Amino acid sequence: DTRDPTSLRTPIVAVLGHVDHGKTSLLDKIRGSAVIEGEAGAITQHIGATAVPLDVVSSIAGDLVNPDDFDLPGLLFIDTPGHHSFTTLRSRGGALADIAILVVDVNDGFQPQTLEALDILKRSQTPFIVAANKIDTVPGWNANEDTPINATYESQTDRVTSRLDESLYKIIGNLSDEGFSADLYWRVQNFQRNVGVVPVSAMTGEGVPDLLAVMMGLSQRYMKEEMEIDVQGPGVGTVLEVKEEKGFGTTVDIVLYDGTIRADDTIVVGGQNDPIVTDVRALLQPRPLAEIRTESRFEQVDEVGAAAGIKVAAPDLGDAMAGAPVRVVRNRDVETVETEVQAELADIAVDTEEQGVVVKADTLGSLEAMADALEEAEVPIVRAEVGDVAPRDVSVASTAEDPKQQVILGFNVDVLDDAAHRAEVDDVTIFTDAVIYQVIEEYEEFVEEIER
Ligand code: GTP
Ligand code: MG
């Protein structure tokens, strides 16, 4: 292998926003444009992510991106479904994503999950831009497929542009209310200080060239140093999801942000109890679109390098947690790597008190976010765990001395049947929601009710 041991990895771009605001459509559009440009083969579909190499970015963005101006290899987009919190995307030291696109529907404006995403971006200090999506739905819009925004602006009537501007300024105002100084992206000089708003349509592709150009420019300008990794080193990543997969048992979908993972590696994965030490059985990628009808949805690969999304099949992953660290052992002591994983897990651990509420969340990152929010609301926590609400959670909650603490607060989790039954018997109240501050609001109302 003659590759330079140190080189630049692909920046990881999280695409987030409220349900139905167009995150997936935006990525579909980028993939679709690549197909039209004859570059379909160049885009690789990863587990939970889409890798778009620089030359494809450039062919979609046209004059806006000259590949000679960049040395980053492209962009790796992670789609975060509305029901799945962006908080999973954590890594050692904060955010897994290097940069983010917050998608906001121009008609719908700011919604609960938009606010939640902003809050997380703020806390993790992730640089981001706003894609003001669905501009084609402005009444009277004259669509110009796949064109940069200034070209399509020029072909709209004054009435149409002033309507769009009104919606855009509303979004800029909302950002300002949340403490972000924002402006239309072409007016932004310093993207570290100001948030750029890019008007786009995931349907017609208008503004997509601008969006890619801004993301590429932002990464190159402000993130280049962070992209310098030892590309051949032992892999480091984060678990996005723990999933049963037919023929493979329990698997973990991970995002690798450093080094490589190979099909014969031993790995250490953060678990509910001790770190899990296991041998990779298979590394799985989705099959290319053309082969989707073959028997298995997956293709086995021997090795992948950061940044990448990959499904890892290995024994003993039943206890693995979404949001937990994954590390490749390779030529090192297993104990050393176990200690590293343990240290990362300890970083995330929530401080608990003798008395307090029970908290459950779908991932380590969301558990951390819940704990932060509860701390702000001055609500003590007695037990905090990743996973669905189970009977033992009810037992713990039922022993609280204070009736205000005989509760379980769940974020993005289900309540197991026997737990629901048990809660009724034991007079434990369970609050669950897919938006953190809504769980907390509901709980605060409950407390007011008791105190009244
Ligand atoms: P979740 O994954 O459920 O959070 O939603 P999402 O943000 O991925 O939204 P998705 O891409 O699934 O789009 C939701 C709906 O909006 C779909 O019906 C899309 O066709 C539509 N849509 C998305 N972008 C645009 C757009 O730019 N213009 C128009 N007219 N419709 C759009
Ligand atoms: Mg989606």
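Along region 315-322, what does the Karplus equation 6.51 cos²θ - 1.76 cosθ + 1.60 (θ = phi - 60°) give for ³J(HN,Hα), rounded to whole Hz, x for Gly and Pro?
Values, residue by residue: x, 6, 8, x, 8, 5, 10, 4 Hz.
If the cut-off is a Cα-Cα distance under 26 Å, which lysines reach LYS360, setting aside same-chain residues fewer than 8 apart in sequence?
LYS122, LYS243, LYS311, LYS404
Among DSSP bridges having both ends in the chain, what percentage is antiparallel? Round to the nearest 5.
That works out to approximately 55 percent antiparallel.
Divide the volume of the convex hull of the Cα atoms of region 73-213 by its number of residues and quote the answer in cubic angstrom per residue. The partial results should precede the final answer.
Values: hull volume 16.4 nm³, N = 141.
Considering the Cα atoms of region 73-213, their hull volume per residue is 116 Å³.
Where nothing but the Cβ of Lys and Arg (+1) and of Asp and Glu (-1) is charged, how large is the charge dipole of region 310-452 around its Cα centre, in debye to the nearest 20?
Values: 10 positive and 36 negative charges, 157 e Å.
The calculation lands at about 760 debye.
If I histogram all Cα-Cα distances within region 368-452 using bins 5 Å wide from 0, what percent of pairs lands in each bin?
3, 15, 27, 28, 21, 6, 1
Add -39500 (n - 2.57) for each DSSP H run of 4 or more in the chain, then divide by its residues: what number comes out at 222 nm, to the nearest 500 deg cm²/dmol? Walk me through the numbers on the way to the answer.
Details: 11 runs with 139 residues, N = 452.
Helix-only estimate at 222 nm: -9500 deg cm²/dmol.
Quick query: amide H of THR44 versus all other amide H atoms, modeled in the peptide plane; which residues come in under 5 Å with a sequence gap of 5 or more or a different chain?
ALA51
Between region 414-435 and region 235-288, how far is it from one alpha carbon centroid to the other, in angstrom?
Spelled out, the Cα-based centre of one part sits 32 Å from the other.
Express the C-alpha Rg of region 153-239 as a ratio against the empirical globular expectation 2.2 N^0.38 Å, rounded to two decimals. Don't skip to the end; give the middle numbers.
Working: Rg = 17.2 Å, N = 87, 2.2 N^0.38 = 12.0 Å.
Normalised Rg, Cα atoms only: 1.43.
Amide H of ALA100: which non-local residues (sequence gap of 5 or more, or other chain) have their own amide H closer than 5 Å, using H built in the peptide plane?
The list, which skips near neighbours in sequence, is ALA14, PHE128, ILE129.
From the phi angles alone, apply the Karplus equation (6.51, -1.76, 1.60; θ = phi - 60°) to region 183-196 and give each ³J(HN,Hα) in whole Hz, x where the residue is Gly or Pro.
For region 183-196, the Karplus-derived couplings read 7, 4, 4, 6, 9, 8, 8, 10, 6, 7, 9, 10, 8, x Hz, x marking Gly and Pro.
Rg(Cα) of the chain divided by 2.2 N^0.38 Å?
Details: Rg = 22.9 Å, N = 452, 2.2 N^0.38 = 22.5 Å.
Output field value: 1.02.
Taking θ = phi - 60°, what integer Hz values does the Karplus form 6.51 cos²θ - 1.76 cosθ + 1.60 yield along region 274-286, in sequence order, with x for Gly and Pro?
In residue order, the calculated couplings are 7, x, 8, 9, 8, 9, 4, 9, 7, 9, 10, 10, x Hz.
As a test of the definition: which semi-axes, in Å, follow for region 306-421 when you take the square root of five times each eigenvalue of its alpha carbon gyration tensor? Largest first, please.
Values: eigenvalues 189, 55, 33 Å².
Three semi-axes, in Å: 31, 17, 13.
Write down the Kirkwood hydrodynamic radius of region 322-390, to one decimal in angstroms, obtained as one divided by the mean of 1/r over all alpha carbon pairs. Don't jump to the answer; show the numbers that get you there.
Details: mean 1/r = 0.0751 Å⁻¹.
Hydrodynamic radius (Kirkwood, Cα only) of region 322-390 equals 13.3 Å.
Find the Cα radius of gyration of region 142-203, compare it with 2.2 N^0.38 Å by division, and give the number to two decimals. Before the final figure, lay out each step's value.
Numbers: Rg = 12.7 Å, N = 62, 2.2 N^0.38 = 10.6 Å.
Rounded to two decimals, the normalised Rg is 1.20.
Sorting GLU241, GLU451 on the 10 Å Cβ count, fewest up front, what's the list? Present the calculation step by step, with values, prior to reporting the outcome.
Numbers: GLU241 18, GLU451 7.
Arranged by neighbour count, lowest to highest, GLU241, GLU451 become GLU451, GLU241.
All of the numbers you see were taken from the coordinates with simple rules; none came from a lab. None of the values given here were measured: they were computed from a predicted structure. Positions of Cβ are generated from backbone atoms using ideal geometry, with glycine treated the same way; all protein chains shown enter the neighbour counts.
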